[in-house]
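Structure first, then comments.
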Amino acid sequence: MQARHFLALSDLDRGQLEFLVRRARELKQLQYDGTLHQPLRGKVLGMVFEKSSTRTRVSFEAGMAQLGGSAIFLSPRDSQLGRGEPVEDTARVLSRMVDVIMIRTFGHDILERFAAYSRVPVINGLSDSHHPCQLLADIQTYIEHRGSLQGRRVAWIGDGNNMCHSYMEAAALLDFELVIACPEDFDPDHGLMQQTGGHARIERDPMQAVHGADLIITDVWASMGQEDEQTTREAAFAPYRVTGDMMARAADDALFMHCLPAHRGEEVDAEVIDGPQSVVWDEAENRLHAQKALLEWLLLNED
């Protein structure tokens, strides 16, 4: 049977996405109850990191351990991914030794090439184009606090980056309105925008974008690999900092999210991320539970 991969949120249909979020909440409760649940005993997760991350490594490694399996961490120094060995060859070898592979990398094409030659499921732990695991956690978090996203208005503030792309796919799957506030020259992918079926649109004025929004999300202005653009980006994104005034224009019960790490005083003010509307710590924790649900689903072929 051909392996089932998770490279972008669009690899799921709505029913599968809702199942994963529902299962993540069940696994979270089992964890809180202290119930031992180890369906992945004997299974091994291979984690290949070209980009470093605190949350991605700890959530996947802890999650696999809690499910009864184990994880192997490969840093850029430990892996030949794209360095002297073709991606396809690395996929052929690793997928004969482990049961599932998570890759955190730069180019999305690396993931696609790897998955095409892998015998086992491949998970996108982050690429320059998509961050679907974060969206599983974000959706879980919103549902826990406010219920369904269907019919809601979500405001993305900042760069039209990988997180923005995954939110665009979520909008199409879950039927909510996504308003993207970004400066010119930092738009999300135009082709992907066309695929949202009208669920996403661009609004240059961030204060207009957040008007009546149920959820406001932002991200750092310069992601890993864009450090040399920091000064240029700071100038372009200065009007897009999420402030208390901006939150005041949203719905009364609006939530704030950020995938972290955050730079207080840059993309978000401290009063917002540390304030009562912020759910970033629940959001960060839910990476663990959402990814446990994903690992179960990929390895046990459950729906």
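No lab work stands behind these numbers, since they all come straight from the coordinates. These numbers come from a predicted model, not from an experiment. A quick note on method: Cβ atoms are made from the backbone with ideal geometry, for glycine too, and the neighbour counts reach across all protein chains shown.
Values for this structure:
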{"item": "Of the GluC sites (Glu not before Pro) in region 146-219, those whose Cβ has at most 14 other Cβ within 10 Å and which sit in DSSP loop", "result": "Glu184"}
{"item": "Alpha-carbon gyration tensor eigenvalues x 5, square-rooted, for region 223-303, Å", "result": "30, 20, 10"}
{"item": "Peptide ranges 131-139, 190-198, 280-288 listed from the most packed, as the mean C-beta count within 10 angstrom indicates", "result": "131-139, 280-288, 190-198"}
{"item": "Principal-axis tilt of helix 14-33 within the chain, Cα atoms, nearest 10 degrees", "result": "80"}
{"item": "Most positive-pole-ward Cα, Val154, Cys133, Phe186, against dipole of region 132-283 from beta carbon charges", "result": "Val154"}
{"item": "Percentage of interatomic Cα-Cα distances in region 49-114 larger than 15 Å", "result": "54"}
{"item": "P(r) weight above 22 Å for region 91-183, C-alpha pairs, percent", "result": "39"}
{"item": "Shape parameters for region 16-159, alpha-carbon atoms, Rg then Dmax in Å", "result": "16.6, 49"}
{"item": "Point-charge dipole on Cβ atoms (K/R +1, D/E -1) for the chain, about Cα centre, debye to 20", "result": "1200"}
{"item": "Relative packing of peptides 44-52, 12-20 - highest average C-beta neighbours within 10 Å first", "result": "44-52, 12-20"}
{"item": "Cα-based Rg / Dmax (Å) for region 132-283", "result": "14.0, 40"}
{"item": "In Hz, Karplus ³J(HN,Hα) per residue of region 60-66 (6.51, -1.76, 1.60; θ = phi - 60°; x = Gly, Pro)", "result": "5, 5, 5, x, 5, 5, 5"}
{"item": "Segment Glu234-Arg41, length gained on full extension (0.36 nm per residue, minus Cα span)", "result": "64.8 nm"}
{"item": "Radius of gyration, Dmax [the chain; alpha carbons; angstrom]", "result": "18.8, 54"}
{"item": "Distance histogram for region 140-201 (every C-alpha pair counted, 10 angstrom bins, percent rounded to whole numbers)", "result": "24, 55, 19, 2"}
{"item": "0 to 90° range, to nearest 10: angle between helix 280-300 axis and the chain longest Cα axis", "result": "30"}
